[in-house]
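Just passing along the structure, written as structure tokens.
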Amino acid sequence: MVSKAPVVAGTRPVMSTVSTSAPRNGLQRRAISFVALILAVVLWAAAAWLISDNILPSPFTVFGRMIELVVSGEVFVHFFSSIQKILAGFGLALLFGIPIGFAIGKSQFMAAYFAIPLFTFGNIPGLTYAVFGLVVFGIGAGGPITVSAMVALPFIALNVAEGVRSVDGGLLRMCRAYKRPFGTIVRHVYAPALAAFVFSGVRYGFAMAWKVEALTEVFGAGEGVGFMIKRAYQEFHVGDMLAWTMFFVIVMLLIEQGLNMLEKRIFAWRKDLA
Amino acid sequence: MTNTLRDSPAISNPVPVTGKAPGRFVGKGTSILAGLLSLLSIWVVWEIARLWGGRLPSLAETLARLGTEWAGNEIWINFAVSINRFVLGLVLALVVGAILGVAIGLSKFAEAALSDLTMVGLAAPAVIWALLTTMWFGFGWLTPVVTVFLSGLPFVVVNIAKAVRAVPGDLILMARAFEVPRVRGLSQIIAPAVAGSAIAAVRFAVISAWNGLLLAEWFGSTSGVGWRSRYWYDANQMDGFLAWVLLFMAFLVLVDQILLAPIERRATRWRRV
Amino acid sequence: MANIEIKQLEKTYTDAKGRQTRVLDSIDLTVSGDTFVSIVGPSGSGKTTLLNIVSGIESATSGSVSLREGGRDAKVGYVFQDPRLLPWRTVMQNLSFVQDDRSDWEVRARHYLELVGLGHLGDRFPAQLSGGQQQRIGIARAFSVEPDILLMDEPFSHLDAMTSRSLREHLEQIWLQSRKTVLFVTHDITEAVQLSDRIIVLAPGGRIHETIEVDLPRPRRASDPRVAVLQAEVLARFEALEAAA
Ligand SMILES: Nc1ncnc2c1ncn2[C@@H]1O[C@H](COP(=O)(O)OP(=O)(O)O)[C@@H](O)[C@H]1O
Ligand SMILES: [Mg+2]
């Protein structure tokens, strides 16, 4: 699956063979979704009640724990710590990924040269990153930062390469016909064409990096979300673990949504997003 | 949450990365040379990293360890155990995921009800499932199997739903107008249309589930490939750990290149000509 | 008064295996003043290559091209077969992109947008326009640099018959107002007869097969019987050429 960068989920095809007897507007849709979530929580509560053991705390216990964590501010401390490491890692990934992507996009030789390392970076099981991060860097911030960088790198490099290849030859010829200077071409043709691809690489890379970064913290860290999950596990505190998991999922979805909206905004010219 | 599955391709496609060089013409000799140079560079970088982060093993030690693991039959024994668990969890995920995915693809009601839950499943990292199942089921076979199932499931759901949506309604109407028999419609219209996403479903599920299996065996098992790699890690023998990492990668590459890639090439040939 | 002088122009492509294909073969062509010259020829006869060399996008294998206006190099505007707009810039920004003379480009850009009938769409992105509108922006862009020489490569061939007819009439009007030297590539003989002062027929292999002068009053209507007669004649010669090939 090579990421054709601005891959955006397809539009809904005409499904005339299927009778859909349901919601037409967003409100109805949201209502159904809400009821489904409530139902899931009720099922969970019922299971907890049946088992009635610490091993599966009730949703109310977990929500209570979440509120406590928010009130005490612990959530913010640890998420801030994790996000800082991811951002640093992404900075590194951009720093190396953009030039590498350029090289791959421009030269067949470079494409063949970087194929193996990028494949490896992109496909190593997360466990490997976590262990080597710990072994090489100890429990400091270095491990998670390097690991996020390595996870994000192939996404960014391959997307930039795709972007470089996609720069429309017709547009470049148009620039020549109108004798545009090189700086102008970089600014008005290459940069906007690549921006969308870089952004898309960041978006794809983010979801992966976020998970592997947390995993690295599970294996060894002094703070961060993964570290808190690990602590809950060691103390056999299922409620805490579920609470942190919920935060993890919520933050990930929020950031995803944020990036999504930002993308639509910045790249308003793109038809597939319109 | 206003997020829908379709808005978020990023987290539903975990690994849009392959090592394939771009499909343009490059001399065979050149790309082999580049590949060799690449391996050489990796080795050099590794040796430099070793100077700095002293606990990294050398490649020679790692290969030697691979040899002794092979000789001691550890590779076959552990892979047999793990593949057993892996296949069981994966098949479950494929069956359940296909049912949910078809429902989501066909009915707007099911989509509204299930897509937020699927998003949550996509966003949750595999390590959570590994730790939770270890706490719930202890060191039995359930821990890895359930982790494999849960880590693979959401990816199957999303991609099968996508496959179902790719069924071309207009072509089906056309087939009806020509009174094409059902079986032929199924094999000539529906199968080719959904093949791409269906294979993506399997591929992403395999990658994600394999990752989950390793973690589950690392934390909650006393056998299997994940456990074996932890054994060397706990013994502070990083050459043993690295040897197993190479095997993990080899397994993924084998499944991908030998099982899935040829099927995909055949199924999506029409798109590339 | 712009002046195009092409002398003994040759273009040969060499592929990866070293095989050579001659695409243009001893082209001699002189165009002076406000002449509208059409170049027709079967597909693959080198029309686009010729325009690309004239515009400076490609270089010739041998021979020379000179584009002069008074005592200086002539300025060129190019309308491509596809619109070739920067998708991430609005219509006005696209026009701004090609301007050298920054002083009053905006006035000029607005003027030509009006002329192609799209004055109200300056803030749209290309993706928000229809194919015909995008092509019109491409035409406005070429005029907005106030070129001495206008090159057009089958500018209407991707459009439906209605749109291309109305754009053709538009083009004729704008050209009658602004009078430039035009090299216009087309495979549509009706179009060539309607627009041109001179039609150059390229044969496969990139030689000039013949040159036909068109001396009909403007504006010309497709319904004008003289246009129809000339069309039939050019078409007949074209068919003879294809039969010979
Ligand atoms: N970059 C290129 N390399 C090799 N051959 C080319 C290239 N560009 C055009 N050609 C060949 O040159 C010939 C003329 O092309 P073109 O000028 O585009 O023809 P036309 O515009 O008249 O259809 C064609 O046979 C085409 O295959
Ligand atoms: Mg052409």
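The values are calculated or read from the model by the stated rules, or taken from the named source; none is laboratory data. Keep in mind that this is a model prediction, so the values were computed, not measured. Methodologically, a virtual Cβ is constructed for each residue, glycine included, from the backbone with ideal geometry; neighbour enumeration extends over all protein chains shown.
In the stretch B:246-261, is there at least one residue being in contact with a Phe, Trp or Tyr (Cβ under 6 Å, 6 or more places away or on another chain) and farther than 17 Å from B:Val87 by Cβ?
No - not one qualifying residue is present in the stretch B:246-261.
Which residues, counting only those in the stretch B:180-230, are polar (S, T, N, Q) and closer than 23 Å to B:Gly101 by Cα?
B:Ser187, B:Gln188, B:Ser197, B:Ser208, B:Asn211
If you take the residues of the stretch B:127-145 that are within 7 Å of chain A (Cβ to nearest Cβ) and either touching a residue at least 40 places away in the same chain (Cβ under 8 Å) or closer than 12 Å to B:Glu217 by Cα (or both), which of them is surrounded by the most Cβ atoms within 10 Å (Cβ to Cβ)?
The extreme case among them is B:Val127.
Return the residues of the stretch C:8-27 that are among the hydrophobic types (A, V, I, L, M, F, W, C) and either more than 16 Å from ligand 2 (Cβ to nearest atom) or within 14 Å of another protein chain (Cβ to nearest Cβ) (or both); say none if nothing qualifies.
Within the stretch C:8-27, C:Leu9, C:Ala16 qualify.
How about the stretch B:122-216: which helices (runs of 4 or more DSSP H) wholly inside it have at least 3 residues that are under 18 Å from the mean Cα position of the chain (by Cα)?
Here the list reads B:126-137, B:142-165.
Ok, one more. Could you grab me the full set of residues in the stretch C:29-80 that are away from ligand 1 (no atom under 16 Å from the Cβ), in contact with a helix residue (DSSP H, G or I) (Cβ under 9 Å, 6 or more places away or on another chain) and at pLDDT 90 or above?
C:Phe36, C:Leu67, C:Val76, C:Gly77, listed by residue number.
Here is a list: A:Ala47, A:Ala88, A:Ala115, A:Ala103. Which entry is at the interface with chain B (Cβ under 7 Å from one of its Cβ atoms) and either farther than 30 Å from B:Ile104 by Cβ or modelled with pLDDT of 90 or more (or both)?
None of the other options fit; the residue is A:Ala115.
Counting residues that are crowded, with 21+ Cβ neighbours inside 10 Å and within 11 Å of chain B (Cβ to nearest Cβ), which helices (runs of 4 or more DSSP H) fully inside the stretch A:123-181 reach at least 1?
Of the helices (runs of 4 or more DSSP H) lying wholly inside the stretch A:123-181, those with at least 1 residues that are crowded, with 21+ Cβ neighbours inside 10 Å and within 11 Å of chain B (Cβ to nearest Cβ) span A:126-137, A:142-166.
Which of the following residues is of a type in the set (D, E, K, R) and surrounded by fewer than 18 Cβ atoms within 10 Å (Cβ to Cβ): A:Lys85, A:Lys106?
A:Lys106
Please go through the stretch C:9-56 and pick out each residue that is in contact (Cβ under 8 Å) with a residue 24 or more places away in the chain, farther than 16 Å from C:Ile200 by Cα and hydroxyl-bearing (Ser, Thr, Tyr).
C:Thr12, C:Ser55 - these are the residues of the stretch C:9-56 that are in contact (Cβ under 8 Å) with a residue 24 or more places away in the chain, farther than 16 Å from C:Ile200 by Cα and hydroxyl-bearing (Ser, Thr, Tyr).
Here's a follow-up. With the requirement that a residue be under 19 Å from B:Ile104 (Cα atoms) and either more than 11 Å from every other protein chain (Cβ to nearest Cβ) or surrounded by fewer than 12 Cβ atoms within 10 Å (Cβ to Cβ) (or both), what does the stretch A:27-44 give you?
The answer is A:Leu27, A:Ile38.
Quick one: how many residues across the stretch C:139-161 are within 15 Å of ligand 2 (Cβ to nearest atom) and over 18 Å from C:Phe36 (Cβ atoms)?
Qualifying residue count for the region: 1.
Results for (1) within 22 Å of the chain's Cα centre (by Cα); (2) within 11 Å of chain A (Cβ to nearest Cβ); (3) free of Cβ contacts under 8 Å to residues at least 40 places away in the same chain, shown as yes or no for each residue.
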position	(1), (2), (3)
C:Leu85	yes, yes, no
C:Met92	no, no, yes
C:Gln99	yes, yes, no
C:Asp104	no, no, yes
C:Arg108	yes, no, yes
C:Asp123	no, no, yes
C:Gln135	yes, no, no
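I'd like to verify a number: residues in the stretch C:28-56 that are within 16 Å of ligand 2 (Cβ to nearest atom) and part of a loop (DSSP other than H, G, I, E, B), how many?
Of the residues in the stretch C:28-56, 6 are within 16 Å of ligand 2 (Cβ to nearest atom) and part of a loop (DSSP other than H, G, I, E, B).
Here is a check on your reading of the model: is C:Ser164 of a type outside the set (Asp, Glu), more than 15 Å from ligand 1 (Cβ to nearest atom), within 26 Å of C:Gly44 (Cβ to Cβ) and away from every other protein chain (no Cβ under 14 Å)?
yes
Of the numbered conditions (1) within 16 Å of ligand 2 (Cβ to nearest atom); (2) surrounded by fewer than 19 Cβ atoms within 10 Å (Cβ to Cβ); (3) without any contact (Cβ under 8 Å) to a residue 24 or more places away in the chain, C:Ser59 fails exactly one; give the number of that condition.
It fails just one condition, (1).
Then there's this: Counting only residues that are within 15 Å of the chain's Cα centre (by Cα) and charged (D, E, K, R), how many does the stretch A:227-260 have?
Number of matching residues: 1.
Same structure again: If you check every pair at least six apart or on different chains, which have Cβ atoms under 6 Å apart with a residue in the stretch C:143-160 that is within 13 Å of another protein chain (Cβ to nearest Cβ) first and a residue that is within 16 Å of ligand 2 (Cβ to nearest atom) and not in a strand (DSSP E or B) second?
Listed pairs, sorted by first residue: C:Leu151/C:Leu51; C:Leu151/C:Ser55; C:Asp153/C:Thr48; C:Asp153/C:Leu51; C:Asp153/C:Phe80; C:Asp153/C:Gln81.
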